[in-house]
Amino acid sequence: MEPLTSRDFSDEKDPFTLFTAWLAEAGASEPNDANAMALATVDADGLPNLRMVLLKGHDHEGFVFYTNEESAKGRELTGQPRAALLFHWKSLRRQVRVRGPVVVVPDAESDAYFASRPRGSQIGAWASLQSRALESRFALEKSVAAYTAKFGLGAIPRPPHWHGYRVRPVAIEFWQDRPFRLHDRIRFSRAAPEGPWTKERLYP
């Protein structure tokens, strides 16, 4: 699939509309996980932390992912509820960078997503003490077996410590590779998540 021309994407006035179009194209061209994104947070000392997670929803309110609030990223977001995201689609030679404050999604939204997960993933959310030291693989498998027996064949409730986070962007930058490193960069920014967007082109 041919990428959009510079004129095509620089003319777009709404960054969420543009992101949706680019994500759809990535879904058709990436070998797997077009919704994978790097999530950056900072710890109590201000030291950055980075890991890959999966985007599970996006709209004009922001970008949603799910995790255990007792994990490293959960604890960091509790202490410093701000984050940066990076989508990199190598097949299209594109990147999207996102920055903004983070809020916890409503319980009903987390419940609905948790109910849609495979049963094994639901059990895993209960069995894993995410980010904490694990004495052996056997200890994890034993925990999985215990929760499998506990919940039997019935519906599995969402763990109270497992929920969604929404990054509410104040900056979204679209990057398209061009020859000789003369890349196209369009940045949308605003003072607050409820504010109007300002768009500008950046030097590569």
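Net charge near residue 130: determine it from the other residues with C-beta under 12 Å of the C-beta of residue 130, scoring Lys and Arg +1 and Asp and Glu -1. Once positives and negatives cancel, what remains is +2.
Given their separation in residues at 0.36 nm each and the Cα-Cα distance between them, residue 52 and residue 182 gain 44.0 nm when the chain is fully extended.
Taking a span of 18 Å or more along the helix axis (Cα atoms) and a mean Kyte-Doolittle hydropathy of at least 0.5 as the rule, the DSSP H helices of the chain that qualify are 15-29. Under 19 Å from a label point set 7 Å out along the Cα-to-Cβ vector of residue 155, the amide N atoms of segment 91-121 belong to 106-121. Applying 1/(1 + (r/R0)^6) with r as the Cβ-Cβ distance of residue 136 and residue 11 and R0 = 41 angstrom yields a FRET efficiency of 0.15. For the chain, the dipole from Cβ point charges (+1 on Lys and Arg, -1 on Asp and Glu) about the Cα centre works out to 360 debye, to the nearest 20.
None of the figures in this text is laboratory data; all of them are computed from the coordinates on show. No experiment lies behind these values; they were computed from the predicted model shown. Ideal geometry is used to build each Cβ from the backbone, glycine not excepted, and the neighbour counts take in all protein chains shown.
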